[in-house]
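Working notes, structure below.
The values are calculated or read from the model by the stated rules, or taken from the named source; none is laboratory data. Computed from a prediction, not measured in an experiment: that's the story for all the values here. Heads up, the Cβs are rebuilt from the backbone with ideal geometry, glycines too, and the neighbour counts pull from every protein chain shown. Note: accessible area is taken over every heavy atom of the protein model, side chains too, but ligands, DNA and RNA are not part of it. Shrake-Rupley method; radii C 1.70, N 1.55, O 1.52, S 1.80 Å.
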Amino acid sequence: MLTVGLTGGIGAGKSEVSRLLVECGAVLVDADRIAREVVEPGTPGLAAVVQAFGEEILAEDGSLDRPCLGALVFGDQEKLATLNSIVHPLVGARSRELEKAAPEDAVVVHDVPLLTENGLASLYDVVIVVDASTRTQLDRLVRLRGMSETDARARMAAQATREQRRAIADVVIDNDVPLDALERRVKEVWAGLVRRAREPRPE
């Protein structure tokens, strides 16, 4: 098994790269999706979040009101650290479960948005960074996600810099390119991952 950490800044196109890798045959472990699952109604995760932040972060149906919680922790390092101390261990445990369930010869891609920020590079055999220019990121966030430019810039500024991400990368995928070029690049990267997965590991 080869474990791959996939990351990239908001708006860089990491989700598109993860989709293409799955098409190639990767087993995907999506940290964002797991982070939603571990705080679904009835979970110990949601109970812990409510205990920490109060019932006002619940929607009427008892689910987590994500915009409300996001507004509460964004820009408040102490509250964000509290939230992360609840959610990150749960995500990590579930990610390991999914990885163990994958076939022995699998290439397991962990899609982790904050891999750089949380110092997780050493957990993976290979780290792939999806990179795009600040201009491209901003355009995608405003045009495709409907964010205001001010909000988009704030979200980008809260993450690691492009230089910090590239510094931990074993592979960089440039996503300032048309989709057909991105597809070709991902197939090249995939071929390299498969070769590496088949290499004998030192005892």
Q | Whole-number Å³ per residue for the convex hull built on Cα positions in the range 93-203 | A | 139 Å³
Q) Taking the Cα atoms only, what angle lies between the long axis of helix 44-53 and the longest principal axis of the chain, rounded to 10 degrees? A) 50 degrees
Q: With everything on Cα atoms, drop me the angle between helix 77-101 and the longest principal axis of the chain, reported from 0 to 90° to the nearest 10.
A: 40 degrees
(Q) Under 8 Å for C-alpha pairs, at least 6 residues apart: give me the relative contact order for the chain, rounded to a whole percent. (A) 37 percent
Q.
I need the shape label for the chain. Rule: rounded when a/c is under 1.5, else prolate if a/b > b/c, else oblate, with a, b, c from the alpha carbon gyration tensor.
A. oblate
Q: Using just the alpha carbons, could you tell me how many Å³ per residue the convex hull of the range 36-108 encloses?
A: 106 Å³
Q. Roughly to the nearest percent, how much of the accessible area of the chain is carbon and sulfur, given a 1.4 Å probe?
A. 51 percent
Q.
Apply the Karplus curve 6.51 cos²θ - 1.76 cosθ + 1.60, θ = phi - 60°, to the phi angles in the range 60-69 and return the couplings in whole Hz, x for Gly and Pro.
A. 4, 7, x, 7, 6, 7, 4, x, 5, 5
Q) Which angle from 0 to 90°, rounded to the nearest 10, does the C-alpha axis of helix 14-24 make with the longest principal axis of the chain? A) 50 degrees
Q: On each of the three principal axes of the Cα atoms of the range 116-181, give max minus min coordinate, whole Å, ordered largest first.
A: 36, 30, 16
Q: Calculate the dipole size of the chain relative to its Cα centre from +1 charges on Lys and Arg beta carbons and -1 charges on Asp and Glu beta carbons; express the result in debye to the nearest 20.
A: 540 debye
Q) Under a 1.4 angstrom probe, counting protein chains only, how are S122, S63 ranked by accessible area, largest first? A) S122, S63
Q: At a 1.4 Å probe radius, which order do H110, H88 fall into by accessible area, largest first?
A: H88, H110
Q) Could you give the accessible area per residue of the chain, probe 1.4 Å, as a whole number in Å²? A) 57 Å²
